[in-house]
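The values are calculated or read from the model by the stated rules, or taken from the named source; none is laboratory data. All values derive from a computational prediction rather than experimental measurement. Note: ideal-geometry Cβ built from the backbone for every residue, glycine included; neighbour counts use all protein chains shown.
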Amino acid sequence: MNVKKRLIRKMTKETLHFTLLDPDKQPLNETANIAKRAVAAGTDAIMIGGSTGVTQKNLDAAAQAIKKVCKLPVIYFPSGAHAISGYCDAIFYMSMVNSTSLDWVIGEQVKGSLITKELGLEPISMGYIIVEPGMTVGRVGQAKPIGRDDLKGAMSYALACEYLGMDFIYLEAGSGADRPVPPAMIKAVKEIISVPLIVGGGIRTPEAAEAARLAGANAIVTGTFVERCSDDSELKNVIKAVKE
Ligand code: 1GP
């Protein structure tokens with residue numbers, strides 16, 4: 001079964017937790033070690049990516065090292081077509097739909113399509129919507145972030161992505177955001193779409209994870225928290241709050 005089907009099947013039973021690892025943020029052995037700990041704590045998939053500093057070399061190395069310590073799907077979360085790794089199982093083939101630059105809406109995707117095919121990577125299409133504050137990814141991607149109160153804006157983008165045939169919708173507050181995507185926005189978007197909803201950015205407590213789950217997120221991504229957390233029970237608590 002391919003990665004998309006596996007994830008969708010699992011999402012019908014519970015909210016999933018995805019661990020996001022940036023290969024540029026720590027040494028390789030540390031990246032693999034965090035992945036191992038996240039697997040032990042109950043994460044459902046590993047995403048590899050970052051807005052800046054991802055190279056073909058550090059990406060390939062991270063994907064290989066993570067694959068050695070984990071049987072879960074390893075999904076590339078790309079920042080562009082400059083680096084794409086065949087060592088991942090799948091790639092989020094995403095369009096930053098509220099970017100003001102066509103490069104991030106379709107340009108990088110055009111550059112990367114033939115390489116993705118050649119590498120045999122499974123593409124999982126995704127509408128990627130930046131919500132305030134948006135952080136580095138919002139700046140690099142020249143996004144016009146959705147205002148935190150603009151539920152209709154978020155709903156309109158998400159539904160347009162579904163109508164365009166995208167498999168998943170991702171509401172992104174930006175890595176390290178001081179405020180995650182508001183639960184009211186997650187709820188409003190979830191009610192209008194029928195494809196799975198992924199939420200990330202600034203989620204680092206069991207309370208925030210629980211709020212996103214109760215609002216209707218099908219998968220919750222944590223990056224900064226997992227990378228910085230040295231306490232396994234704290235890690236487990238956040239992942240547990242995603243699921244129950
Ligand atoms: C960023 O949504 C992810 O793309 C994760 O954000 O690093 O804040 O967990 P954090």
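Structure data summary
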quantity: Any hit, the range 95-114, residues being aliphatic (A, V, I, L, M) and buried (at least 23 other Cβ atoms within 10 Å of the Cβ); calculated: yes
quantity: Pair list, Cβ under 6 Å, 6 or more apart: the range 213-231 residue without any contact (Cβ under 8 Å) to a residue 60 or more places away in the chain, other residue part of a helix (DSSP H, G or I) and more than 9 Å from the ligand (Cβ to nearest atom); calculated: ALA215/PRO183; ALA215/ILE186; ALA215/LYS187; GLY216/ILE186; GLY216/LYS187; GLY216/LYS190; CYS229/LEU235
quantity: Verdict on ASP103 being charged (D, E, K, R), touching a Ser or Thr at 6+ places or on another chain (Cβ under 7 Å) and at pLDDT 95 or above; calculated: no
quantity: Filter pass, ILE106 being among the β-branched types (Val, Ile, Thr) and closer than 26 Å to ALA38 by Cβ; calculated: no
quantity: Odd one out for GLY165 among (1) closer than 25 Å to PRO78 by Cα; (2) of a type outside the set (Lys, Arg); (3) surrounded by 17 or more Cβ atoms within 10 Å (Cβ to Cβ); (4) more than 9 Å from the ligand (Cβ to nearest atom); calculated: (3)
quantity: Matching entry among ALA63, ALA38, ALA83 (being of a type in the set (A, V, I, L, M), touching a residue at least 60 places away in the same chain (Cβ under 8 Å) and in contact with a Ser or Thr (Cβ under 9 Å, 6 or more places away or on another chain)); calculated: ALA38
quantity: Selected residue (only one of SER194, SER175 is hydroxyl-bearing (Ser, Thr, Tyr), farther than 21 Å from THR52 by Cβ and either within 18 Å of the chain's Cα centre (by Cα) or at pLDDT 95 or above (or both)); calculated: SER194
quantity: Failed item, numbered, when PRO133 is tested on (1) in contact with a helix residue (DSSP H, G or I) (Cβ under 8 Å, 6 or more places away or on another chain); (2) assigned to a loop (DSSP other than H, G, I, E, B); (3) of a type outside the set (Gly, Ala, Ser); (4) within 16 Å of the ligand (Cβ to nearest atom); calculated: (1)
quantity: Some residue of the range 55-72 being on the phi < 0 side of the Ramachandran plot and part of a strand (DSSP E or B); calculated: no
quantity: Hits in the range 54-95 (condition: modelled with pLDDT under 95 and in contact with a Pro (Cβ under 8 Å, 6 or more places away or on another chain)); calculated: none
quantity: Among the residues listed as ARG148, ARG213, ARG179, the single one being over 22 Å from PRO23 (Cβ atoms), crowded, with 20+ Cβ neighbours inside 10 Å and within 16 Å of the ligand (Cβ to nearest atom); calculated: ARG213
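Conditions (1) among the hydroxyl-bearing types (Ser, Thr, Tyr); (2) under 16 Å from ILE239 (Cβ atoms); (3) more than 11 Å from the ligand (Cβ to nearest atom), marked per residue:
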| position | (1), (2), (3) |
| --- | --- |
| SER156 | yes, no, yes |
| GLY174 | no, no, no |
| ILE203 | no, yes, no |
| PRO206 | no, yes, yes |
| VAL221 | no, yes, no |
